[in-house]
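The values are calculated or read from the model by the stated rules, or taken from the named source; none is laboratory data. This one's a predicted model, so the numbers in the text were calculated from it and none came from an experiment. Ideal geometry is used to build each Cβ from the backbone, glycine not excepted, and the neighbour counts take in all protein chains shown.
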Amino acid sequence: MLYPQHLADAEDLFRRLHDDLPWRQEHLTLFGKRIAQPRLSLYQGDVPYTYSGLTLAAAAWHPVLADLRDRCAELAGMPFNTVLANLYRDGSDSMDWHADDEAELGAEPVIASVSLGAPRRFQMRRKDKTGEAHCLTLGGGDVLIMGPKSQVHWMHRVPKTKTTVGPRINLTFRFVREPQRR
Ligand SMILES: O=C(O)CCC(=O)C(=O)O
Ligand SMILES: [Mn+2]
């Protein structure tokens, strides 16, 4: 469910988060090669989270992120205890096809996605062979609530673009369960 321009203070939020957050360049190891992710990111939350082979430690909430977490929780009607923030510096930054279906998120996670800054395309395609696909443009202040079936049946991505675009921040608020003890 898309709530277009839901955040009236989107420009101020973008500036504060862009300037204040300790953005990091993370790397992934694929086939033995260390590859820089095509974006900057950071994680904050009450519990650790393992995402794409990276284990992200619990970290204190920036007050702006804590406030947005609460606003999203009210909109979605459920709590969130973590946020993954991505900074797409320009059109060559992107996020490849994936579903947010890690076990710690539970079988049918609801995820709230906040977009700030430049608009970017957000594509979805079904995991099965139907070929069904959708494309949205997520602009500053938009909030997308991805419902319980979204990660089960769909993949999504933010493709690179050759169009000149400014920086964009995306925040995904998630509810991560306490890691199981082994
Ligand atoms: O940038 C976006 O709109 C999506 C980000 C995303 O899919 C994620 O962080 O898992
Ligand atoms: Mn995602």
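All conditions in (1) more than 16 Å from ligand 2 (Cβ to nearest atom); (2) in contact with a strand residue (DSSP E or B) (Cβ under 9 Å, 6 or more places away or on another chain); (3) more than 23 Å from Ala76 (Cα to Cα) hold for Thr164, with the sole exception of (2). Per the conditions (1) within 25 Å of His27 (Cβ to Cβ); (2) under 12 Å from the mean Cα position of the chain (by Cα), the sole criterion not satisfied by Ala112 is (1). In summary, Thr137 fulfils each of the numbered conditions (1) without any contact (Cβ under 8 Å) to a residue 60 or more places away in the chain; (2) assigned to a strand (DSSP E or B); (3) surrounded by 15 or more Cβ atoms within 10 Å (Cβ to Cβ) with the single exception of condition (3).
In the stretch 87-108, is there at least one residue being closer than 21 Å to Gln5 by Cβ and either hydrophobic (A, V, I, L, M, F, W, C) or assigned to a loop (DSSP other than H, G, I, E, B) (or both)? Yes, the stretch 87-108 contains a residue that is closer than 21 Å to Gln5 by Cβ and either hydrophobic (A, V, I, L, M, F, W, C) or assigned to a loop (DSSP other than H, G, I, E, B) (or both). Checking the stretch 36-52 against the condition returns a match, with at least one residue being within 17 Å of Leu87 (Cα to Cα), part of a strand (DSSP E or B), among the hydrophobic types (A, V, I, L, M, F, W, C) and away from ligand 1 (no atom under 14 Å from the Cβ). With the structure loaded, tell me whether Ser52 is modelled with pLDDT under 95, within 14 Å of ligand 2 (Cβ to nearest atom) and not aliphatic (A, V, I, L, M) or whether it fails that test. Yes, satisfied.
Checked against the criterion of being at pLDDT 95 or above, among the aliphatic types (A, V, I, L, M) and within 12 Å of ligand 2 (Cβ to nearest atom), the candidates Leu84, Leu136, Leu105 yield just one match: Leu84.
Would you call Lys162 at pLDDT 95 or above, away from ligand 1 (no atom under 11 Å from the Cβ), outside any helix (DSSP H, G or I) and over 19 Å from Asn86 (Cα atoms)? So Lys162 fits the description; yes. Residues that are in contact (Cβ under 8 Å) with a residue 40 or more places away in the chain, away from ligand 1 (no atom under 11 Å from the Cβ), of a type outside the set (A, V, I, L, M) and surrounded by fewer than 20 Cβ atoms within 10 Å (Cβ to Cβ) within the stretch 77-123 comprise Pro79, Asn81, Arg89, Asp90, Gly91, Ser92, Glu104, Gly106, Glu108, listed in sequence order. Of all residues assigned to the stretch 60-75, none qualifies as being in a strand (DSSP E or B) and basic (Lys, Arg).
Do the conditions hold for Glu74, that is, is it acidic (Asp, Glu), out of contact with any helix residue (DSSP H, G or I) (no Cβ under 7 Å at 6 or more places or on another chain) and either within 15 Å of ligand 2 (Cβ to nearest atom) or in contact (Cβ under 8 Å) with a residue 12 or more places away in the chain (or both)? No, not satisfied.
Of the residues that make up the stretch 112-119, is at least one touching a strand residue (DSSP E or B) at 6+ places or on another chain (Cβ under 8 Å), modelled with pLDDT of 95 or more, within 16 Å of ligand 2 (Cβ to nearest atom) and of a type in the set (S, T, N, Q)? Checked against the condition, which is being touching a strand residue (DSSP E or B) at 6+ places or on another chain (Cβ under 8 Å), modelled with pLDDT of 95 or more, within 16 Å of ligand 2 (Cβ to nearest atom) and of a type in the set (S, T, N, Q), the stretch 112-119 yields at least one hit.
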